[in-house]
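The values are calculated or read from the model by the stated rules, or taken from the named source; none is laboratory data. None of these values were measured; they are calculated from a predicted model. Here the Cβ positions follow ideal geometry from the backbone for every residue, glycine too, while neighbour counts run over all protein chains shown. Accessible surface areas use protein heavy atoms only, side chains included; no ligands, DNA or RNA. Shrake-Rupley method; radii C 1.70, N 1.55, O 1.52, S 1.80 Å.
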Number of protein chains: 2
Amino acid sequence: MQKSFTVSGYLVHRLQEIGVNHLFGVPGDYNLDFLDDVMISPIRWVGNCNELNAGYAADGYARLNGIGAAVVTYGVGGMSILNAVAGAYAEHVPMIVINGAPAARRRESEAMVHHLVAHYYLQLEIFKKITADAAMLTDPFTAPNEIDRVLRSCLTSKLPVYIELPCDIVRASCKAPVKALTVTSAVSNLDSLAEAVKEAAGLLQTAANPIILAGIELLRFKLGSETLRLVESSEIPFATMLGSKSVLPELHPQFTGIYQGGWSKKHVQAQVEESDCLLSLGAWMTDLDTGLFSINLDKRHMIEVGQGKVRIGGHFYPQVELSDFIRELTSQVQPRSYLTSHPALSYQPKQPFIPRPACELTATRLYDCLNYYLDDQMVLLSEPGDAFCATPEFHIEEAENFIVQSYYCSIGFCTPAALGVSLARPGKRPVILTGDGAFQMTAQELSTLIRERCPAIFVLVNNDGYLIERKLHQDGAYNNLQMWRYASLPEAFGGSSFATGIHVTTEEELNDAFKLALSEPGRLIFIEAFLPKRDCSRGLERLGESFRKSQQK
Amino acid sequence: MQKSFTVSGYLVHRLQEIGVNHLFGVPGDYNLDFLDDVMISPIRWVGNCNELNAGYAADGYARLNGIGAAVVTYGVGGMSILNAVAGAYAEHVPMIVINGAPAARRRESEAMVHHLVAHYYLQLEIFKKITADAAMLTDPFTAPNEIDRVLRSCLTSKLPVYIELPCDIVRASCKAPVKALTVTSAVSNLDSLAEAVKEAAGLLQTAANPIILAGIELLRFKLGSETLRLVESSEIPFATMLGSKSVLPELHPQFTGIYQGGWSKKHVQAQVEESDCLLSLGAWMTDLDTGLFSINLDKRHMIEVGQGKVRIGGHFYPQVELSDFIRELTSQVQPRSYLTSHPALSYQPKQPFIPRPACELTATRLYDCLNYYLDDQMVLLSEPGDAFCATPEFHIEEAENFIVQSYYCSIGFCTPAALGVSLARPGKRPVILTGDGAFQMTAQELSTLIRERCPAIFVLVNNDGYLIERKLHQDGAYNNLQMWRYASLPEAFGGSSFATGIHVTTEEELNDAFKLALSEPGRLIFIEAFLPKRDCSRGLERLGESFRKSQQK
């Protein structure tokens, strides 16, 4: 006999089907009936300290798991999670927001129910602006189709979506899901595709020094291995960008380095900008990914693929999907014998970190040490700020081992996102490289990492203020922060048996802290690294130079 | 000679002129030029850990100071403060949000600058929905008029407003302010006013048992003393509501109590609902202010004044302002000699709290103790949750000594709001009554209270979870929280020399903690009161009964 379904049961069923195994969020009276159904489902509820943090956690989870979701309550929760949703929208992350709402039947009156602001359509209207699709479920008859449409849109577009669930609809009966949710990707126009691939293959074949720039969309649409096949079939060298770092392996012999415009290392900048045929795959030319637009690329020598089209020089081919283009080009391109004709330009294997006795820690040495200890069982989360600037120098081999918000750049993202990362990849260890200013934004979510027994390694750079602002602008007193005793927080957040906080000021102490972390793979180790106030990474020094140049223009 | 002005200087000048003496917020690269100007002005910059907290702080500040303001940066900051702005909009609090934005000249290109999401008008569009007025300053020629219009709107409407300040406009020259900003309040139609007052005075005169219900708008438009004159001239008894608690003195002989529908004390409910002439002044009938709409008021016996009109029975008088109505009615109403004909129904003077030796603390005793120690130099901030439910029983004499978000009910509001309260009223001491779930939302702002040397008293009720949800719904595991060592946070947040955390479990320990707080008026005392898991105030028990009744309907 057909199992009878409620709207809530239908939604839980679909979430589970599409791979939502953990649900983040905060309970509130308008979502409790829905949460009751979640609790008896195989989906694991992971409560957060607040809704913004829940959103970041769902984002981090979605980046590795392919889909993530958060549940909030009306008004206070819906408005609090918006920044995380905006970040997911800007960065192309598929996240579902489920907002428990006041009863649909109340809406006909002018009743002033708590958490209501302005009018009943406010949140739907706002979420529509920063999601691929949004629905307010007010009719159990249409709810299943609306749920399916919105979830399909999330999976296809890799963008956030929004579902508003009034509390008197949750338990209403609705039809059962008849078959699995089908998701059809966007389809290329075959003529356009064939013509674009033919032209591109010809250009790459005849170019003297072609190069592939592997961009962020390859990460978001999980096209890393397809791109690696293209790279290896063609034997063309490749660069990545900060937002797409490690989408292809960094110890690969064809890897040139990370392209960041004038912020790049010189040989990378030269190889990319002097190429007579640059194949750009899903790259975004954002300000921070291009050293503040300090790029010098000649459109006439570029093949740009992404956002559903191909542009070659001054003409473009519409309706060509990135995945189709890569697959077809791989089958047509001839090897260039790059490997035999060029010296290896790739990174050197990483250097061992040997702490100098009684030597005060500096930023450069901190990052060298972290780079040395990173391994392929760790996922590095790099916070916008100096962490972000230091990151290009780290060697990371797998796409899934690096998380950064390189475009939206919301500081405070990494601590809650690490929770999502840890639950999505329980076999791996999140390493959070964050600054004091960023950490203060969302610090309480450390307590959820402790509660969920996530064996994270925190590297908190305590340099007494907002460092990147000190370096790029005159150093106003607004960059000062209250000095916390960061290393005591794991204990304060109830982590005594599971988490250890360590304050380090020398190279030896830092090295010992990492050794402890490696010897205790099941525990959370929180390293507070104390640095001089204006000391920073080589990357931030170079960004400062780019910035001063851009200001002089 | 005329001083030359920049847009930034103009804005700083106007902010100062209208009483913004402290500016809350978070620095970010798009707002740094503006902040540089703030730092050399008499306005004091008060940085916060994150933008939501900055918004709450500005809200708390505005409630006492009459105006408050917060500065954020584009995208990440603008989207993060929205919940605080929505709360201010719902609760009628005049708050200015200044959002530093990318250069106006960039907007013609499609440049992907960091923190940008969707398009350049997104934030303006969203803020327009939850503010009285909003402006994006893209032209230094029109900027002064736009600033004036928006600030005037904030002061008149007592609602939040929004100013977006692109970073290339900040330093552009503009005209100087020629004269002080004039603010004209809304004007009543004199005929409508006279007729309404005449009818109301007649009804009150002939009624057998009239009563005044003093509502939240009296607080927001600061009409407490005018209303007290009306009350005393007319000698009519009055009730308040939770949202307007203490707008009139609670030890006043005409005070009946706090009306909350079926959630009220019986004698208050009877006196309000059985009145043959209820004069309702600026009251909002929200769900939590009416015991979940368990009110039984006969519109035919009501005179409702507020939102610019007067309604008597089935007819209404448009364009009548609350302040005008109160003033005119006061001059026309005759005393009822209520005082001589009725027994005093007001609260009894508060009872001393005598701790019972070795007696485990209960919720009821905790609230009794707090009530006893509250004095007229303290401002109580009561968090939505059990704190909120316990509050009607506290005796508070001055309107400015009590802060609650009784309608929007965003948990986590009180800790940051206390920062604003403390800076707005440095002579007074904020007392934050909060729960563990609420405190975890915004806990880090405790560190800003410490940095700013605010001598707050925290009473954190640690009952291991979201209590109000445990009581009103089945007790799902989603109500569990990570158990923090709350009393250690003042130390962890760098408060060692200024702040003390105390964990109490017995009546004596609680009493000693309050005595310590009183003996140390210049320090921050953080009391973590440990309570049994489901123990709660009498108010929440009564709310539970209302809730079960409302569900049976």
Dipole magnitude of segment B:5-174 about its Cα centre (Cβ charges: Lys, Arg +1; Asp, Glu -1), debye to nearest 20: 320
Heavy atoms of A:Ser331: accessible area, 1.4 Å probe, square angstrom to 10: 90
Dipole moment magnitude, nearest 20 debye, the protein assembly as shown about Cα centre, only Lys, Arg, Asp, Glu C-beta charged: 640
Euclidean distance of C-alpha centroids, segment A:187-253 and segment B:532-548, integer Å: 63
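How shielded is A:27-35 by partner chains, expressed as the average number of their Cβ atoms within 10 Å of its Cβ atoms?
Numbers: counts 10, 5, 7, 0, 1, 8, 2, 0, 6.
Rounded to a whole number, the mean comes out at 4.
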Å² per residue, accessible surface of segment A:386-518 at 1.4 Å: 24
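Report, as an integer, the average count of C-beta atoms from other chains found within 10 Å of each Cβ along A:405-414.
So the per-residue partner count for this stretch is 4.
For an R0 of 30 angstrom, estimate the FRET efficiency from the Cβ-Cβ distance between A:Thr142 and B:Asn296 and round to the nearest 0.05. Let's see the in-between values first.
Numbers: r = 37 Å, r/R0 = 1.24.
Rounded to the nearest 0.05, the efficiency is 0.20.
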Residue mean of other protein chain beta carbons inside 10 Å, A:484-491: 5
Shortest-first distances to equivalent copies, position B:Ala118, nm, label 7 Å out along Cβ: 1.0
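List the trypsin sites (Lys or Arg not before Pro) within segment A:495-550 that DSSP assigns to loop and that have no more than 14 neighbouring Cβ atoms inside 10 Å. Provide the component values of the computation, followed by the final result.
Numbers: sites: A:Lys515, A:Arg523, A:Lys533, A:Arg534, A:Arg538, A:Arg542, A:Arg548, A:Lys549; in loops: A:Arg523, A:Lys533, A:Arg534.
Answer in residue order: A:Lys533, A:Arg534.
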Using a 7 Å Cα-to-Cβ projection, B:Leu181 label spacings across copies, nm, ascending: 4.8
Pseudo-label separations to other copies for A:Lys222 - Cα-to-Cβ vector, 7 Å, nm: 5.9
Extension gain, B:Ala208 back to B:Lys175 (0.36 nm per residue minus Cα-Cα distance, nm): 5.7 nm
Shape call, segment A:465-553: gyration tensor on alpha carbons, a/c limit 1.5: prolate
With all protein chains modelled, accessible area of B:Tyr407 [1.4 Å, Å²]: 20
Signed unit charges on C-beta, dipole axis of segment B:5-174, positive-most listed residue B:Ile40, B:Val26, B:Ala88: B:Ala88
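Tally up the carbon and sulfur contribution to the accessible surface of chain A as a whole percent, 1.4 Å probe, everything protein left in place. List each step's numbers first, then the result.
Details: 9960 of 18960 Å².
Answer for chain A: carbon and sulfur cover 53 percent of the accessible area.
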Lysine pairs with alpha-carbon atoms under 30 Å apart, segment B:107-263, spacing 8 or more or separate chains: 17
Estimated inter-spin distance, A:Ser496 and B:Ser550, nm [label 7 Å along Cα→Cβ]: 4.1
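Take the Cβ-Cβ distance between A:Ile354 and B:Ser519 as r, set R0 to 45 Å, and report the resulting FRET efficiency rounded to the nearest 0.05. The partial results should precede the final answer.
On the way: r = 55 Å, r/R0 = 1.22.
So, using R0 = 45 Å, E works out to roughly 0.25.
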Sites A:Thr156 and A:Asp276, calculated FRET efficiency, Cβ-Cβ separation with R0 45 Å, nearest 0.05: 0.80
Accessible-area ranking of B:Ile40, A:Ile169, largest first, probe 1.4 Å: B:Ile40, A:Ile169
Area of B:Lys309 that stays accessible when all protein chains are in place (1.4 Å probe, Å², to 10): 70
Electrostatic dipole magnitude of chain A [Cβ: Lys, Arg +1; Asp, Glu -1; Cα centre; debye, to 20]: 380
